[in-house]
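Down below is the structure, laid out as structure tokens.
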Amino acid sequence: MDGSKLFGSANWVMMLGIVGALIAAQWKHEVIPAAALAVILLMAIAKIRLIVLDFMDLRGMRPNLARALMIWPIFFSALSLGKVVLMAIL
């Protein structure tokens, strides 16, 4: 991968991290609403994809390993969102 594409990917990862932190910081000691948590988790999944494909250089090279590395954080993100939804229902 060339340096300019990796630099662009690094910028996206940093931007997604900063935006996620700003969204989470809006609710200092309160419970984060489910919609905000869903946005934060979607941005985390986008960061996972960028990191696995670009920084680990797995884009088009080892698709099964890339898929496995992306599935486990998505699984735990879904579990945390499910926990928030269950707590809101109960």
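Things to note:
- Fewest-first sequence of Asp57, Asp2 by Cβ atoms within 10 Å of each Cβ: Asp2, Asp57
- The chain: relative contact order in percent, alpha carbon pairs under 8 Å with at least 6 residues between: 30 percent
- Couplings for region 66-71, taken from phi via the Karplus curve 6.51 cos²θ - 1.76 cosθ + 1.60 with θ = phi - 60°, read 4, 5, 5, 5, 8, 6 Hz in order; Gly and Pro are left as x.
- Helix axis angle, 34-50 relative to the chain longest principal axis, alpha carbon, degrees: 10 degrees
- R0 of 25 Å, Cβ-Cβ distance Phe76-Asp2: FRET efficiency to nearest 0.05: 0.15
- Taking the Cα centre of the chain as reference, the dipole from Cβ charges on Lys and Arg (+1) and Asp and Glu (-1) amounts to some 160 debye.
- Cleavage-rule hits, trypsin sites (Lys or Arg not before Pro), region 23-66, DSSP coil, Cβ neighbours within 10 Å at most 11: Lys28
- For the peptides 17-26, 31-40, the ranking by packing is 31-40, 17-26, with the highest mean count of neighbouring Cβ atoms within 10 Å listed first.
- Residues of type lysines that Lys5 reaches as a straight line, Cα spacing below 27 Å, ignoring anything fewer than 8 places off in the same chain: Lys47
- Among (i) 54, 17, 12; (ii) 29, 18, 6; (iii) 17, 16, 13, the entry derived from the coordinates for semi-axes √(5λ) of the Cα gyration tensor in Å: (ii)
Values in this text are rule-based calculations from the coordinates and carry no lab data. These numbers were taken from a predicted model, which means no experiment stands behind them. Note that we place each Cβ from the backbone using ideal geometry, even for glycine, and neighbour counts take in every protein chain shown.
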